[in-house]
Amino acid sequence: MEFSIKSGHPEKQRTACVVVGVYEPRRLSENARRLDECSDGYLSTILRRGDLEGKLGQSLLLHNVPNALPDRVLLIGCGRERELGDAQYRKIISKTIETLHDMGSMETVCYLTELNVRGRDTHWRVRHAIETASSTLYRFEQLKSKKNVTRRPLRKIIFSVSSRRELPQAEQASIEAQAIAGGVKLAKDLGNLPPNICTPTYMAERAKGLCLLHKKAKAQLSCEVLDEAKMLELGMGALLSVSQGSEAPAKLVMLDYQGGKKNQQPIVLVGKGVTFDTGGISLKKPENMHEMKYDMCGAASVIGTLSAVVDLQLPINVVGLMPCTENSPSGSASRPGDIVTSLSGQTIEVINTDAEGRLILCDTLTYCERYKPEVVIDIATLTGACVVALGKHPHGLFSNHSPLTNDLLNAGRESGDRAWEMPLWEDYQEQIDAPFADMKNVGGKGAGSITAACFLARFTRKYQWAHLDIAGTAWHEGDKRGATGRPVPLLTQYIIDKVREAEEEPKE
Ligand code: BES
Ligand code: MN
Ligand code: ZN
């Protein structure tokens, strides 16, 4: 899909379709009013007849609007103007894109980016229009032998801004949006791939592929992959205890983007990459086990975020670390009761082999130290308990550094990819103390997502760190099932904000 920006009046657009909003009850938006005026009340006559109330989600296609150049005018219901917030705006855009896609107009000029969204400016409206459009059009059909072909698909969307003065910020928003949308799509594709294709080795290949893709752009992106022999040599006993039951060898995939100064400390992103989580010997119930193909969505979001960062050529250093493995039962699998030694030297009693995410993350979080990170953020489909606590809307956010917490919460609000803070109090730590080892990998009754975060906290004392539990947000179930690509928007926003902050107050 091609996106672009322009400024101009709707009646003057020589295009297949122009989209304007109508508020409830039957109130024309500014650009709808322009079309109404130039056509001597053609739109208001139709509304008076009762063809469109303006309720959110309604639409009405008009042909031959007098004195207007576009072939068609699509009226979109926007609900009550006073109630137009982030969520309503995204619904309006999504509904519009679906309608256009089914309609057969290959090009359209959309004026909905001029709607008045509470507390949001042009930059935000353009960003979210493009991201939402791209998400709405997403399909995962690589593995269908018969593809759904649309006869006249929507090819080009031009979003309008109300004056030429707004073009620069709108262009910037469009560039950011397309980079983020690209990262989200990449993360969705990886998440949606079945576990017989998306193996740890496959993840490594895709990370290498990202470097090749950007080689032409001379981007400073490189990839390195540690195999099991190397991990053994380093002493990653926790990570290897998870992969030992699987036929598929584990890979620690590392992407290194050097967009900033050489000595500048990097932001390190660590993504859980369990390409299938059976639970291991502590086997999961069969219901919904297929969803555990999404257990690598943390790693996918790291690749997606790096893709966006590289696209934008941000002047900052970002490292992505992805421990990738399967969690499978077999004769060589780890047993409940095994005690393993992590890279940090701390010993762990594996009470439940299904609490494997923290085992692969803890060694990676220790490995992080060698990058002298400015901050470390891990992203993981870590606990079912997080879904119980927060449901499917926000990511669970845990951190040992409150400015980092605030930055991430803000990035979530700006990007519409929200997180919610959970407590990481010392009080919970005793739940993972163990008599025979330094700790155990489960915290017993209560606060399952918090005790998992407390476990990770024991490996991240040397730097500023945040943990995003994305168990509830990484994929949709049911009809619209599939990976969401989250939290690529949040993470990319966080990094964009960091760059902007550094530009505004350069440190001496
Ligand atoms: N990948 C799962 C977490 C998960 C479960 C995410 C369901 C989304 C939906 C993780 O590896 C896991 O199995 N966690 C266990 C931990 C428990 C054994 C302490 C869980 O949440 O049940
Ligand atoms: Mn598990
Ligand atoms: Zn898991």
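Bear in mind these aren't lab numbers, they're just calculated from the coordinates by the rules spelled out. None of the values given here were measured: they were computed from a predicted structure. All Cβ positions, glycine included, derive from the backbone under ideal geometry; neighbour counts span all protein chains shown.
In summary, the aspartates and glutamates within cross-link reach of K440, defined as a Cα separation below 17 angstrom excluding same-chain residues under 8 places away, comprise D338, E349, D354, E356, D363, E426, D427, E430. Backbone amide hydrogens, once placed in the peptide plane, bring V18 within less than 5 Å of R72, V73, L74, V109, excluding anything fewer than 5 places away on its chain. Sorting E166, E83 from the fewest to the most surrounding beta carbons within 10 angstrom yields E83, E166.
The magnitude of the dipole of the chain, with charges of +1 and -1 set on the Cβ of Lys/Arg and Asp/Glu and taken from the Cα centre, is near 1740 debye.
Positive-end ranking of F3, S29, V18 along the dipole of the range 2-155, with charges on Cβ about the Cα centre, is headed by F3.
Quick query: amide H of N400 versus all other amide H atoms, modeled in the peptide plane; which residues come in under 5 Å with a sequence gap of 5 or more or a different chain? For N400, the qualifying residues are W465. Here the Karplus relation 6.51 cos²θ - 1.76 cosθ + 1.60, evaluated at θ = phi - 60°, turns the backbone of the range 268-282 into coupling constants of 10, 10, 10, x, 4, x, 7, 6, 7, 10, 7, x, x, 4, 7 Hz, with x for every Gly and Pro.
Sorted from fewest to most neighbouring beta carbons within 10 Å, what does the list F459, F159, F3, F436 look like?
Least crowded to most crowded, the residues run F436, F3, F459, F159.
When Rg and the Kirkwood radius Rh are both evaluated on Cα atoms of the chain, their ratio Rg/Rh stands at 1.03.
Around the amide H of C324, modelled in the peptide plane, lie the amide H atoms of K251, L252, V253, all under 5 Å away and 5 or more residues distant in sequence or on another chain. In the range 217-315, what GluC sites (Glu not before Pro) fall in a loop by DSSP, with at most 16 other Cβ atoms inside 10 Å? Of the GluC sites (Glu not before Pro), the ones in loops of the range 217-315 whose Cβ has at most 16 other Cβ atoms within 10 Å are E247, E287. If the viscosity is 0.692 mPa s and the temperature 37 °C, what Stokes-Einstein diffusion coefficient in µm²/s follows for the range 2-155 when Rh is the Kirkwood radius over Cα pairs? Approximately 206 µm²/s, per Stokes-Einstein.
Rounded to whole numbers, the Karplus 3J(HN,Hα) couplings from phi for the range 153-158 are x, 5, 10, 9, 10, 10 Hz, using 6.51 cos²θ - 1.76 cosθ + 1.60 with θ = phi - 60°, and x at Gly and Pro.
This ranking places S332, S282 by how few other beta-carbon atoms lie within 10 Å of each, fewest first, which gives S332, S282.
Calculated FRET efficiency, Q346 to D86, Cβ-Cβ distance, R0 = 41 Å: about 0.45 to the nearest 0.05.
Going by alpha carbons, how many degrees (0 to 90, nearest 10) lie between the helix axis of 402-415 and the longest principal axis of the chain? For 402-415 against the chain, the angle is about 30 degrees.
Toward the positive end of the charge dipole of the range 52-115, with +1 on the Cβ of Lys and Arg and -1 on the Cβ of Asp and Glu, the farthest Cα among H101, Y111, G54 is that of G54.
Using a Förster distance of 25 angstrom, determine the FRET efficiency expected from the C-beta separation of S402 and Q258, and round it to 0.05. Efficiency for this residue pair is about 0.30. Calculate the length of the line joining the C-alpha centroid of the range 159-205 to that of the range 100-142, in whole Å. So the two Cα centres are separated by 14 Å.
Once the Cβ-Cβ distance between I175 and K230 is put in as r, and R0 is 45 Å, what FRET efficiency do you end up with, to the nearest 0.05? Walk me through the intermediate numbers first.
Details: r = 38 Å, r/R0 = 0.85.
For I175 and K230, the calculated efficiency is 0.70.
Couplings for the range 125-140, taken from phi via the Karplus curve 6.51 cos²θ - 1.76 cosθ + 1.60 with θ = phi - 60°, read 5, 5, 3, 6, 5, 5, 4, 5, 4, 5, 5, 5, 8, 5, 9, 10 Hz in order; Gly and Pro are left as x. With the charge dipole of the chain set up from +1 on Lys and Arg Cβ and -1 on Asp and Glu Cβ about the Cα centre, the Cα lying farthest toward the positive end among the listed residues S246, L213, T383 is that of L213. The angle separating the long axis of helix 297-312 from the principal Cα axis of greatest extent in the chain is about 60 degrees. Tilt of helix 86-103 relative to the longest C-alpha principal axis of the chain, in degrees (0 to 90, nearest 10)? Approximately 70 degrees, to the nearest ten. Rg of the Cα atoms in the range 42-111, relative to 2.2 N^0.38 Å, amounts to 1.14.
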